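**Student:** Got a structure here, written out as structure tokens. Questions coming.
The values are calculated or read from the model by the stated rules, or taken from the named source; none is laboratory data. The model shown is predicted, which means the values in this text are computed figures rather than measured ones. Counting neighbours? That spans all protein chains shown, and the Cβs are built from the backbone with ideal geometry, glycine included. Just so you know, the surface numbers come from the protein's heavy atoms only, side chains and all, with ligands and any DNA or RNA stripped out. Shrake-Rupley method; radii C 1.70, N 1.55, O 1.52, S 1.80 Å.
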Amino acid sequence: GQIIFDGIDISTLSGDELKDFRRRVQLVFQNPYEALNPRFTLYRSLSEPLIIHGWKDEDTRIRRIMETLERVNLQPAEFFLDKYPHQLSGGQLQRVVLARALVLRPDFLIADEPVSMLDVSVRAGILNIMRGLTAEMNLTTIYISHDLSLLQYTCDRIAIMYLGQIVEIGPAHQIIETPQHPYTQVLVSAVP
């Protein structure tokens, strides 16, 4: 298949076009414990994308990083800059992973099971932050998940994939309330 972003097949991108695409599209990884280099402070992990994309002035980078940490409810932000990943809880780590994805102010976010590695008590907080930032930043987000209760809460539309093919797509409430495909029906029946 193809992935078309803003009318362009992304497999044709190279050089500066590919770099710009990578700035505009970011990924929130499933496992926050493996998404960050354990030898880097949070400041270094959050600085790296900015440096790659030409942010030469350190003061400007620090301001952007602090603002982004505040947006994901890691406050006070300066408390976290010199921390290492092992010094944080799972919820804090997932917020850092989210901040790393958002520090470049992308247009499009891909969230791969963004709360599956977290305690149930922490999930709602992360999802609320993501929903709020999606609206505030006018950000398009694709959630990849088998958890339809999460998708019902966070998504306007749902596409159900089975064996690598989209078998059902539509408004979230319609997919949840009147599932058509047998696989969708199984997923819906598994929602508590």
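**Student:** Is the stretch 86-104 home to any residue that is more than 18 Å from Gln30 (Cβ to Cβ), touching a residue at least 40 places away in the same chain (Cβ under 8 Å) and in contact with a strand residue (DSSP E or B) (Cβ under 9 Å, 6 or more places away or on another chain)?
**Tutor:** yes
**Student:** Among the helices (runs of 4 or more DSSP H) confined wholly to the stretch 1-106, which include 2 or more residues that are open to solvent by 70 Å² or more (accessible area, probe 1.4 Å)?
**Tutor:** Of the helices (runs of 4 or more DSSP H) lying wholly inside the stretch 1-106, those with at least 2 residues that are open to solvent by 70 Å² or more (accessible area, probe 1.4 Å) span 15-24, 32-35, 42-52, 58-71.
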